[in-house]
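The values are calculated or read from the model by the stated rules, or taken from the named source; none is laboratory data. Note that this is a predicted model, so its numbers are computed, not measured. Counting neighbours? That spans all protein chains shown, and the Cβs are built from the backbone with ideal geometry, glycine included. Surface areas here come from the heavy atoms of the whole protein model, side chains and all, with no ligands, DNA or RNA. Shrake-Rupley method; radii C 1.70, N 1.55, O 1.52, S 1.80 Å.
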Amino acid sequence: MDEKDSSHIKPYTRPAAGWGALKQVAITLHQERVAPANLKALLAQNQPDGFDCPGCAWPDSNHQSTFAFCENGAKAVAAEATSRRAGPELFASQTVTQLMAQSDYALEQYGRLTEPMVYDASSDRYAPISWEDAYAMVGRHLRALPDPDQAAFYTSGRASNEAAFLYQLMARLYGTNNFPDCSNMCHEATSRGLPATVGIGKGTVTLDDFALADTIIIFGQNPATNHPRMLGELRECARRGGSIVSVNPLRERGLQRFMDPQSPLEMATLGSTRIAGLFVQPTLGGDLALIKAIAKRVVERDDETGGIIDHAFVQEHCSGFDAFCADLRAESWELLVAESGVTREQIEALSTIFIAGQRIIATWGMGLTQHKQSVAAIRMLSNLMMLRGQIGKPGAGLCPVRGHSNVQGDRTMGIEEQPTGAFLDRLGQVYGFTPPRAHGHDVVATIEAMQRGDVKVFIALGGNFAAATPDTPLTYVALRQCELTVQIATKLNRSHLVIGKQALLLPTLGRTEIDLQHGVPQGVTVEDSMSMVHISFGRNAPASPQLRSEVAIVAGMAAATVGSELVDWAAYAGDYARIRDDIEKVFDDFYDYNARVAKPGGFHLRVASRERDWKTASGKASFIVAPIALDTPLHRARERHGQRLMVLMSTRSHDQYNTTIYGMDDRYRGVYGTRRVVFANQADIDMLGFEDGAKVDLIGAWDDGVQRRADDFLLVAYDIPRGCLGAYYPETNALVPLASTADGAGTPTSKSVPVLLERSSVTA
Ligand SMILES: Nc1nc2c(c(=O)[nH]1)N[C@H]1C(S)=C(S)[C@@H](COP(=O)(O)OP(=O)(O)OC[C@H]3O[C@@H](n4cnc5c(=O)[nH]c(N)nc54)[C@H](O)[C@@H]3O)O[C@H]1N2
Ligand SMILES: Nc1nc2c(c(=O)[nH]1)N[C@H]1C(S)=C(S)[C@@H](COP(=O)(O)OP(=O)(O)OC[C@H]3O[C@@H](n4cnc5c(=O)[nH]c(N)nc54)[C@H](O)[C@@H]3O)O[C@H]1N2
Ligand SMILES: [Mo]
């Protein structure tokens with residue numbers, strides 16, 4: 001497909017999902033040439049005896065309901081079930097340099113990887129290698145490093161609990177806690193922020209709570225695209241007369257109206273349900289100030305009339321209340337309005353809904369986590385909910401909505417660069433070794449260490465590190481300095497082409513595929529965004545007979561690296577139930593693991609804060625005073641450039657799964673046939689002397705001497721606050737400075753990137 005050919009902008013006026021979604025699924029199945037036999041996988045998705053959808057981490061309606069239709073889940077399954085293949089012929093016919101010149105979309109279209117490959121520098125090509133030789137090569141390189149901290153072990157959130165557990169065990173036996181993972185770029189601000197207030201970095205609600213909530217406030221999240229099954233819960237709440245509010249610089253179309261593809265009546269009559277009743281549009285990164293403003297209103301109203309704050313809850317469960325209220329009372333309205341970008345009237349409207357709510361759920365996504373003050377914003381949200389006693393009771397609570405389908409489980413299994421001493425002690429006891437204590441590198445620190453030459457071997461269990469990370473050109477240089485890069489993957493992507501001096505590309509089974517070990521089908525377990533752990537069995541024949549499971553690949557690398565004296569890797573790989581037996585020894589909450597996942601729907605992992613058991617230092621839920629920073633690099637950039645400075649968010653289109661580009665449309669936002677668009681407010685377009693439809697280049701405005709740019713974008717007038725821009729990731733990752741991270745979480749600030757616009761220098 002020519003990416004520029006049929007590009008056009010046409011506002012979308014219909015409800016989300018509905019006929020448009022069904023049509024898109026039909027197109028996708030056709031494009032991927034999904035074999036009829038593989039279609040059954042679609043129907044087994046999120047069924048009790050089927051597989052967990054590899055799409056997102058939204059839970060399933062108790063895993064027993066009828067097939068929950070989801071357009072983007074279907075796309076994720078179809079992408080894996082495709083009949084296209086990226087086999088040895090592809091790599092024989094094209095050099096790495098030639099492949100590198102192609103778009104992410106084109107790379108994705110080659111289909112599934114089929115055989116283990118090793119990079120041959122003399123021909124600049126990948127050539128086949130046996131599995132045993134590949135494992136031996138990994139072992140040789142790792143054992144040759146003078147210091148285990150010179151290796152880093154990346155994980156993307158599709159890895160199962162079993163694979164993740166073995167992977168962290170291997171790396172810790174080897175001697176490092178260098179576990180950069182996709183979570184570092186995603187919900188890290190949640191995982192680091194919540195423990196200080198409620199004691200654990202996970203959400204406090206389950207799906208059942210959604211059925212009871214009367215108010216749902218959605219911060220910085222685009223469910224119609226990224227968690228489409230969540231629309232079902234939202235619709236039910238709206239139908240009950242509940243209030244739904246979207247806090248988002250964009251009035252995302254998918255949160256306006258929804259047509260249920262599973263409702264024959266709605267489909268036949270073109271009926272639909274209104275979802276959000278109020279849209280509050282803060283400036284990018286304005287959420288801390290906005291949430292603080294609502295909290296201030298709660299305190300003010302309580303001072304005026306009483307009965308607004310849940311004093312009984314506060315007294316019994318909370319610490320730090322007086323200092324917190326004093327700070328709110330002293331905070332200036334002028335500052336809160338200026339920094340949030342939200343008017344007093346809108347703050348009042350939102351506060352009124354919040355105060356009226358009896359059972360409130362606050363959900364959030366990347367709009368809250370990818371900013372400098374993300375940790376403070378999430379703590380403030382938790383504190384706001386505490387003021388009204390909205391944590392740990394039915395129908396109410398905190399709901400971070402995770403991205404990858406098992407990103408939460410991977411962290412639970414110990415994919416964590418800052419492990420606790422207690423966990424390490426236990427792991428050491430169970431396996432009879434002394435795990436490394438020093439904290440390891442997260443994503444940004446790993447890239448910085450590669451730049452310094454301090455990380456030399458990089459192994460990735462899934463994902464697309466080169467494309468997902470900030471400062472793309474610098475990251476490429478860093479990766480290319482490595483001695484060895486190893487990628488375990490299902491489909492070809494950029495990271496398989498941005499490689500170290502030596503490189504391995506190891507193809508793996510996906511979750512939709514049958515995983516036979518010694519003739520017995522193996523299941524793997526995952527934990528969803530609401531702490532439900534369940535088992536997943538693949539249904540499709542493997543894309544190639546040469547594929548190995550992630551568990552088998554990790555076990556193979558581990559045996560070749562740390563040997564099998566302490567761990568019987570082959571036994572683990574032969575029967576995953578044995579891995580679960582031992583996971584249970586390391587984590588108390590996983591008692592009777594095999595028995596409990598055998599039940600339909602699996603089991604809920606205890607989240608103490610849900611039961612008002614606060615695992616904080618004070619033993620109470622803590623109020624935390626958060627000043628609004630006014631001297632950030634963003635503020636300084638504004639001082640330098642004045643009104644011309646724009647703040648860019650990099651976000652997802654409807655036709656992508658993170659760095660995987662399925663297509664060129666973003667239907668709900670009215671973009672067709674192109675991804676190189678940048679949304680801007682018409683008044684800013686005028687002020688800067690451009691016109692709607694102009695071609696512009698984006699120039700980084702971070703003041704560190706590094707030149708950053710992304711060229712040739714179509715400027716689109718859009719309903720977005722003044723001073724803000726929106727564009728897609730990963731095309732704009734080159735503009736995200738590596739050093740710009742969330743305070744206390746290390747997450748790249750990929751939704752507040754300072755840029756300037758220039759008329760495009762690229763000639764057609
Ligand atoms: N189909 C599909 N599903 C996915 C994914 C995918 O790429 N495709 N990715 C998966 C992953 S890993 C993740 S983490 C999730 C991501 O799911 P989301 O959290 O929905 O991620 P984004 O699309 O990046 O951004 C979400 C929203 O944040 C808003 N936003 C941006 N900046 C701000 C801000 O400063 N404040 C507020 N209040 N809002 C802001 C944007 O307008 C956008 O609507 O989805 C998961 N599911
Ligand atoms: N600018 C900007 N950057 C961002 C973000 C943003 O919003 N803006 N979002 C961030 C977020 S939230 C995240 S989570 C990261 C995502 O970062 P990653 O998780 O690293 O990236 P993905 O694009 O999800 O990885 C896709 C690749 O995973 C491989 N894969 C797919 N399924 C499997 C499997 O079952 N097993 C294995 N081994 N491999 C598989 C395929 O080869 C596919 O190409 O990106 C982050 N980067
Ligand atoms: Mo994510």
**Dimensionless Rg ratio for segment 633-759, taking C-alpha atoms and the 2.2 N^0.38 Å reference** = 1.02
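Compute, for segment 503-650, the length of the dipole vector about the Cα centre, with Cβ point charges of +1 (Lys, Arg) and -1 (Asp, Glu) only. Units Debye, rounded to 20. It would help to have the intermediate numbers written out before the result.
Working: 17 positive and 18 negative charges, 171 e Å.
Dipole about the Cα centre, nearest 20: 820 debye.
Place a +1 charge on the Cβ of each Lys and Arg in the chain and a -1 charge on the Cβ of each Asp and Glu, then give the dipole magnitude about the Cα centre in debye, rounded to the nearest 20.
On the way: 74 positive and 87 negative charges, 181 e Å.
Dipole size: approximately 860 debye.
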**Message:** Among 145-152, 490-497, how do they line up by average Cβ neighbours within 10 Å per residue, starting with the highest?
**Reply:** 490-497, 145-152
**Asked** Considering amide H positions built from the backbone, and no H for Pro or chain starts, which residues 5 or more places from T82, or on another chain, come under 5 Å of its amide H?
**Response** none
**Asked** In whole Å, how far is the Cα centre of segment 451-506 from that of segment 284-305?
**Response** 44 Å
**Request:** Taking all protein chains together and a probe of 1.4 Å, list E448, E416, E527 from the most accessible to the least accessible.
**Result:** E448, E416, E527
**Prompt:** Counting only protein heavy atoms and using a 1.4 Å probe, what share of the accessible area of segment 618-764 belongs to carbon plus sulfur, as a whole percent?
**Reply:** 50 percent
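State the extension gain, in nm to one decimal, for the chain segment bounded by R274 and T95, taking 0.36 nm per residue of separation less the distance between their alpha-carbons. Kindly include the intermediate steps, with their values, before the conclusion.
On the way: separation 179, 0.36 × 179 = 64.44 nm, distance 5.16 nm.
Result: 59.3 nm gained on full extension.
Tell me the trypsin sites (Lys or Arg not before Pro) within segment 620-707 that lie in a loop according to DSSP and have at most 10 other beta-carbon atoms within 10 Å. Can you show the working numbers first?
Working: sites: K620, R636, R638, R640, R644, R652, R667, R669, R675, R676, K695; in loops: K620, R652, R675, R676.
Taking segment 620-707 and a limit of 10 other Cβ atoms within 10 Å, no loop trypsin sites (Lys or Arg not before Pro) are found.
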**Message:** For the ranges 289-301, 351-363, 335-347, what's the packing order if you count other beta-carbon atoms within 10 Å of each residue, average per peptide, and put the highest first?
**Reply:** 289-301, 351-363, 335-347
**Fill in**
The answer for the chain, accessible area per residue at 1.4 Å probe in Å², is 34 Å²
**Request:** Before rounding to the nearest 500, sum -39500 (n - 2.57) across all DSSP H runs of length at least 4 in the chain and divide by the residue total; then give [θ] at 222 nm in deg cm²/dmol.
**Result:** -10500 deg cm²/dmol
**Request:** For A598 and A356, calculate 0.36 nm times their separation in residues minus their Cα-Cα distance, and state this gained length in nm to one decimal.
**Result:** 82.9 nm
**Item:** Those residues of segment 334-352 whose amide nitrogen sits under 19 Å from the label point placed on H635, 7 Å along Cα→Cβ
**Value:** 334-342
**Request:** Order these peptides, 589-595, 719-725, 368-374, 451-457, by their mean beta-carbon neighbour count within 10 angstrom, highest first.
**Result:** 368-374, 719-725, 451-457, 589-595
**Item:** For segment 438-446, Karplus couplings with θ = phi - 60° (6.51, -1.76, 1.60), whole Hz, Gly/Pro x
**Value:** 4, 5, x, 8, 8, 4, 5, 5, 5
**Item:** Overall Cα dimensions of segment 364-502, principal axis frame, Å, largest first
**Value:** 57, 41, 30
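Can you compute the FRET efficiency between D692 and Q418 using 1/(1 + (r/R0)^6), with r the Cβ-Cβ distance and R0 = 41 Å? Round to the nearest 0.05.
Working: r = 47 Å, r/R0 = 1.14.
With a Förster radius of 41 Å, E is 0.30.
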**Prompt:** Rg to Rh ratio, the chain, alpha-carbon atoms and Kirkwood radius?
**Reply:** 0.94
**Request:** Would you mind calculating the gained length between R14 and H311 on full extension (0.36 nm times residue separation, minus the Cα-Cα distance), in nm to one decimal?
**Result:** 102.5 nm
**Asked** Separation between the V762 and E565 pseudo-spin-labels, each 7 Å from Cα along Cα→Cβ, expressed in nm?
**Response** 5.6 nm
